[in-house]
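Enquirer: Supplied in structure tokens, the structure appears directly below.
The values are calculated or read from the model by the stated rules, or taken from the named source; none is laboratory data. Worth saying up front: this structure is predicted, and the values here are computed from it rather than measured. Glycine gets a Cβ as well: all are built from the backbone with ideal geometry, and neighbour counts include every protein chain shown.
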Amino acid sequence: MKKLFFVELFAGIGGMSQGFETHGGFEAIALTDIDLDSRDTYCENFQDKVYLTKDAQFLATKQLRNIADGKDICGILGCPPCQGFSPAGKRDSQDERNRRIKDFLRITKELRPRFFVFENVPRVIYSNIFQELIIELDEAGYSIWSGVLNAALYGLPQTRQRAIAIGIDKTLSVSPTPPPITHVGCREVFDYANQRFVMPCSYDGFSIFGFYPDTLRIATGDVERLLQKNEMELSVLSPIVTVGDALDDLPEPAWSQNEEPILYKSDCDAVTEYQYKMRCGSDSVHSHSRRKHNLKSIGEWSKVPVGGKPGFDTKDQRYFSQAYGRLHPRGLSRTITCGFMNPGCGRFLHYKQSRSITIREAARLQSLKDNFRFIKSQTINCRLVGNAFPPLWAEAIAAELYRILSDVL
């Protein structure tokens, strides 16, 4: 395949880069982020890559061109900090980190790549700074698609939703489109909101995806395309990948935070396609140790039913109030956040054991492969995993981009 070279801004541990490179048609020239823990972790896993730890507002595009050493920088990927827009944060429109979107805009306009991919939390779509980004990049010569996509519809066992903007240079005379939905299917999936199994391909089954009310109201991206398809079209897609499909082959987690490898289960009935992708030919996993919980909490959590919450009552329940909820092996995970080792932060109790999910289990739900090593403390690793863009999702975006660009580049 012809290689299209790109740089990734605000890269974290390079989840988007990993997906684009796994596709095979793209190659990273450099990644940038100010977070040293992200850099150390990424470089532990990809020692041949350039990773700049420089604040984006001071990053000179000349430096990126020098690193490229004559290679054409075809693309820019970027996931600017989202704390100022995230529903889990203070939603502060004046948060200084919001201005990193301006840095993405500046660097894109100066480098003039053939394409760009921008990612952030869904609520960013309502912000003035995002609208300005789209207007200015359109005026700078890019055809742009933007909308809200859901990871579960691309083979992730997680309802993570993100605003995505994809731009392509207008001189290429092609238009960007979102990746086609690949997973819905007709296999029943557990619905946490209604505590029952539903067919995801039916209109009633859409609740399993955890669409934000705002997403439904603006009817953009995946929601719009789902509403346009009938049940038959959705049922022939691949079935939704569930939590059990992702995690059932993992061994019992260690009781201490050591990095000794732990062998996969020997009594696993069959390795699913998702598990096979995550294993990468390995026979063991790392970063799979329990968080130490007190006995009182463990006793209380043992009473929470599979897929339920403490004292679950369908009346007057906020759909997103997931604290101390237990996962269901035939359901989807909710968005993996930086607090997934604290069950009070969301639906992060393991479906069989009275404990929070481990670093490795969260990494699996994020589609970070088992050979990706985490080298920092448990707290730092939680942040790195929760902030990562799922590589498998990025691979789907890369495939659609390459399909559009391969005939014109």
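Enquirer: Which residues, taken from the stretch 138-166, are among the aromatic types (Phe, Trp, Tyr) and in contact with an Asp or Glu (Cβ under 9 Å, 6 or more places away or on another chain)?
Expert: Passing the criteria: Tyr142, Tyr154.
Enquirer: Specify the residue that is nearest to Ala396 (Cα to Cα); the eligible residues are those in the stretch 133-157 that are surrounded by 21 or more Cβ atoms within 10 Å (Cβ to Cβ) and aromatic (Phe, Trp, Tyr).
Expert: The residue in question is Tyr154.
Enquirer: Which residues, taken from the stretch 277-294, are surrounded by fewer than 19 Cβ atoms within 10 Å (Cβ to Cβ) and among the polar types (S, T, N, Q)?
Expert: Ser282, Ser284, Asn294, listed by residue number.
Enquirer: Being closer than 16 Å to Met341 by Cα and in contact with a Pro (Cβ under 9 Å, 6 or more places away or on another chain) is the filter here, so list the residues in the stretch 287-307 that pass it.
Expert: His288, Ser289, Arg290, His293, Ser297, Trp301
Enquirer: Follow-up question, since we're still on this one. If I filter the stretch 330-385 down to residues being buried (at least 24 other Cβ atoms within 10 Å of the Cβ) and of a type in the set (Lys, Arg), which single residue comes out as farthest from Asp33 (Cα to Cα)?
Expert: Filtering the stretch 330-385 for residues that are buried (at least 24 other Cβ atoms within 10 Å of the Cβ) and of a type in the set (Lys, Arg), the one farthest from Asp33 (Cα to Cα) comes out as Arg347.
Enquirer: Quick check, is Val236 touching a residue at least 60 places away in the same chain (Cβ under 8 Å) and either more than 16 Å from the chain's Cα centre (by Cα) or within 26 Å of Ala362 (Cα to Cα) (or both)?
Expert: On the way: touching a residue at least 60 places away in the same chain (Cβ under 8 Å): no; either more than 16 Å from the chain's Cα centre (by Cα) or within 26 Å of Ala362 (Cα to Cα) (or both): yes.
Taking the combined requirement at face value, the residue does not satisfy it.
Enquirer: Identify all residues within the stretch 236-295 that are at pLDDT 90 or above, in a loop (DSSP other than H, G, I, E, B) and of a type in the set (A, V, I, L, M); write none if there are none.
Expert: Val236, Leu237, Ile240, Val241, Leu250, Val271
Enquirer: Can you find even one residue in the stretch 200-211 that is within 15 Å of His328 (Cβ to Cβ), touching a Pro at 6+ places or on another chain (Cβ under 6 Å) and touching a residue at least 24 places away in the same chain (Cβ under 8 Å)?
Expert: Looking through the stretch 200-211, at least one residue is within 15 Å of His328 (Cβ to Cβ), touching a Pro at 6+ places or on another chain (Cβ under 6 Å) and touching a residue at least 24 places away in the same chain (Cβ under 8 Å).
Enquirer: Go through the stretch 175-191 and count every residue that is surrounded by 18 or more Cβ atoms within 10 Å (Cβ to Cβ), in contact (Cβ under 8 Å) with a residue 60 or more places away in the chain and out of contact with any His (no Cβ under 7 Å at 6 or more places or on another chain).
Expert: 5
Enquirer: State which residue pairs qualify: first residue farther than 13 Å from Val7 by Cα and inside the stretch 43-69, second residue aliphatic (A, V, I, L, M) and loosely packed, with under 13 Cβ neighbours inside 10 Å in any location, beta carbons under 7 Å apart, and separation of 6 or more residues or different chains.
Expert: Listed by first residue and then by second, the contacts come to Thr53/Leu36.
Enquirer: Is there a residue in the stretch 346-366 that is farther than 30 Å from Asp283 by Cβ and not charged (D, E, K, R)?
Expert: yes
Enquirer: Also: Name, by its number, the condition in (1) surrounded by fewer than 18 Cβ atoms within 10 Å (Cβ to Cβ); (2) touching a strand residue (DSSP E or B) at 6+ places or on another chain (Cβ under 9 Å); (3) in contact (Cβ under 8 Å) with a residue 40 or more places away in the chain that does not hold for Glu260.
Expert: Unmet for Glu260, out of (1) surrounded by fewer than 18 Cβ atoms within 10 Å (Cβ to Cβ); (2) touching a strand residue (DSSP E or B) at 6+ places or on another chain (Cβ under 9 Å); (3) in contact (Cβ under 8 Å) with a residue 40 or more places away in the chain: (3).
Enquirer: In addition: Out of everything in the stretch 162-194 that is at pLDDT 95 or above and polar (S, T, N, Q), what residue ends up being farthest from Arg225 (Cα to Cα)?
Expert: It comes out as Thr171.
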